[in-house]
Amino acid sequence: HHLKQQEQQQEEKKSSFVMKEKEDSNDVPQDEPSQALTNSTNNGNKPLPRRMSTLQELSALPKFNTSFAMQFQLLTQRTLKQQRGERLTSMALVLQFTYLFFTALFWWRMPHNTDYIYQRNSLFFFMLIGQSNGVVTSAVHVFATERTLLQRERAKKMYRVASYFLAKTVSDMTNNVLLPVLYTMIVYWMANLRPTVTAYCQFSLTYYLIFSTAQSMGLALSIAIPKTQLALVLAPPITLFFMIMGGFYIPIDQMHPGIEWATWLSFCRYGYSALLINEYAGRDIPCANGGNQSPETDDLVSILAPRGSDTADNCPLAGEDVLKAMGIQGAAVENFWFNIVMLVLLQLIFRLISYWMLRRSK
């Protein structure tokens, strides 16, 4: 009898403990949806049905949380900071000073006479080759490091492709070509090129457009060739091909007709032609030694002078004769601003192709 009483007391304690837990759970506050659902079920009503959004409602939602202007501003600031640390480095400064040192050794203060026509032409092409090739290779390498980040952020719909592309274009037109342009601006006075303010400004503008067009071509190559190693292997020979089409090694009018058409696609042709026109157009080049020509000068003048004319009658040498000897002939081609417009047009073409491929890439 005593054992039965103990079992009844234990069962009463258990039931009172369970009832207390239920009361405590009812006292805990619930959020509004769950409370409404509980009330509806407690009242004997059915739960509220779930409804899918319509296409009109989904299309009305903004695809991006920020505006295009805000995306462009933030991406431009980020890209400028990233590339400033990658391009404007102590190693890049050392490289440019090395270029300046060797340029000064070979082309220091060249006199304005016929003995130094070939040296001036070689200086223009050396600056074009050395700096443009580096710009193209650097553009291929830099975008390869950004590709993974771009794909991840595009998957999260953080920004538009157009805002990223415009921000990168602004950065490329400043950080990427800043040091090469400064190098050319110093070399102009160091090599004693045409001593006029107009010629100096046009010279700086031409090299800026050459380097920015080379950078645009490098960007297009890096997008078209996803594999970084393959892009770095193919970029130098492609750039070299365009440089051969520039007209320094072979005058344009002496190229085979089967390949001459490719010169119209070469940014080096328009850049090199603009540099030569800026240096020689509208001026006479005096002969060395006060008109007493050396044998080397006489041979050079006879080559550059119009065919069938007497060598002695071509001193001073007209600058237009130098342009004709380099294959720069024709009313449009001999115009400085025609070549500048063609550089801008090629740059736009490279950029548009890059944007189109970037939109199609995943």
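The values are calculated or read from the model by the stated rules, or taken from the named source; none is laboratory data. Because the structure is predicted, anything quoted here is derived from the model rather than measured. Glycine gets a Cβ as well: all are built from the backbone with ideal geometry, and neighbour counts include every protein chain shown. Heads up: the accessible areas ignore ligands, DNA and RNA and are worked out on the full protein's heavy atoms, side chains in. Shrake-Rupley method; radii C 1.70, N 1.55, O 1.52, S 1.80 Å.
Here is a list: 359, 351. Which entry is at pLDDT 80 or above, farther than 27 Å from residue 274 by Cβ and either assigned to a helix (DSSP H, G or I) or small (Gly, Ala, Ser) (or both)?
Result: 359 is the single residue among 359, 351 that is at pLDDT 80 or above, farther than 27 Å from residue 274 by Cβ and either assigned to a helix (DSSP H, G or I) or small (Gly, Ala, Ser) (or both).
Could you tell me which residue of the range 250-273 is surrounded by the most Cβ atoms within 10 Å (Cβ to Cβ), considering only residues that are closer than 19 Å to residue 207 by Cβ and of a type outside the set (A, V, I, L, M, F, W, C)?
This residue is 271.
For the range 161-175, what are the residues that are over 9 Å from the mean Cα position of the chain (by Cα), modelled with pLDDT under 80 and surrounded by fewer than 18 Cβ atoms within 10 Å (Cβ to Cβ)? Can you show your working first?
Initial filter on the range 161-175 (over 9 Å from the mean Cα position of the chain (by Cα)): 161-167, 174-175.
Next cut, modelled with pLDDT under 80 only: 174-175.
Selection gives 174 alone.
Among the residues of the range 243-275, what is the count of those that are aromatic (Phe, Trp, Tyr) and either modelled with pLDDT under 85 or more than 14 Å from residue 210 (Cα to Cα) (or both)?
The number of residues fulfilling the criteria is 4.
For residue 193, which of the numbered conditions (1) farther than 27 Å from residue 100 by Cα; (2) assigned to a loop (DSSP other than H, G, I, E, B); (3) open to solvent by less than 10 Å² (accessible area, probe 1.4 Å); (4) not charged (D, E, K, R) fails to hold?
(1)
Could you list all residues from the range 202-227 that are open to solvent by less than 50 Å² (accessible area, probe 1.4 Å) and more than 16 Å from the chain's Cα centre (by Cα)?
202, 203, 204, 206, listed by residue number.
Return the pair list, or none, for Cβ contacts closer than 8 Å from residues in the range 116-128 that are touching a residue at least 12 places away in the same chain (Cβ under 8 Å) to residues that are charged (D, E, K, R), at least 6 apart or on different chains.
120/279; 124/279
This table checks each residue for (1) assigned to a helix (DSSP H, G or I); (2) among the acidic types (Asp, Glu); (3) at pLDDT 80 or above; (4) over 29 Å from the mean Cα position of the chain (by Cα).
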{"position": "46", "(1), (2), (3), (4)": "no, no, no, yes"}
{"position": "85", "(1), (2), (3), (4)": "yes, no, no, no"}
{"position": "125", "(1), (2), (3), (4)": "yes, no, yes, no"}
{"position": "131", "(1), (2), (3), (4)": "yes, no, yes, no"}
{"position": "141", "(1), (2), (3), (4)": "yes, no, no, no"}
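Specify which of the listed residues (312, 332) is closer than 18 Å to residue 246 by Cβ, at pLDDT below 85 and surrounded by fewer than 18 Cβ atoms within 10 Å (Cβ to Cβ). Lay out the reasoning, then the answer.
Numbers: 312 fails: closer than 18 Å to residue 246 by Cβ.
Just one listed residue meets the conditions, 332.
Do we find that residue 154 is under 20 Å from residue 191 (Cβ atoms) and not aliphatic (A, V, I, L, M) in this structure? Step through it out loud before you land on a result.
Details: under 20 Å from residue 191 (Cβ atoms): no; not aliphatic (A, V, I, L, M): yes.
Criteria not met by residue 154.
Name the one entry in 105, 178 that is touching a residue at least 60 places away in the same chain (Cβ under 8 Å) and either of a type in the set (A, V, I, L, M) or crowded, with 19+ Cβ neighbours inside 10 Å (or both). Spell out how you get there, then give the answer.
Details: 105 fails: touching a residue at least 60 places away in the same chain (Cβ under 8 Å).
Going through 105, 178 in turn, the sole match is 178.
Tally up the residues in the range 126-136 that are in contact with a Gly (Cβ under 7 Å, 6 or more places away or on another chain) and surrounded by fewer than 22 Cβ atoms within 10 Å (Cβ to Cβ), please.
Here is the first cut: in the range 126-136, the ones in contact with a Gly (Cβ under 7 Å, 6 or more places away or on another chain) are 128, 135-136.
From what's left, surrounded by fewer than 22 Cβ atoms within 10 Å (Cβ to Cβ): none.
Going through the range 126-136 one residue at a time, the tally reaches 0.
Taking residue 247 and the conditions (1) on the phi > 0 side of the Ramachandran plot; (2) open to solvent by 10 Å² or more (accessible area, probe 1.4 Å), which numbered condition does it fall short on, given that it satisfies the others?
Looking at each condition in turn, residue 247 falls short on (2).
Let me confirm something: among 258, 271, 247, which residue is free of Cβ contacts under 8 Å to residues at least 60 places away in the same chain and either within 30 Å of residue 320 (Cβ to Cβ) or of a type in the set (Lys, Arg) (or both)?
Matching residue, one of 258, 271, 247: 258.
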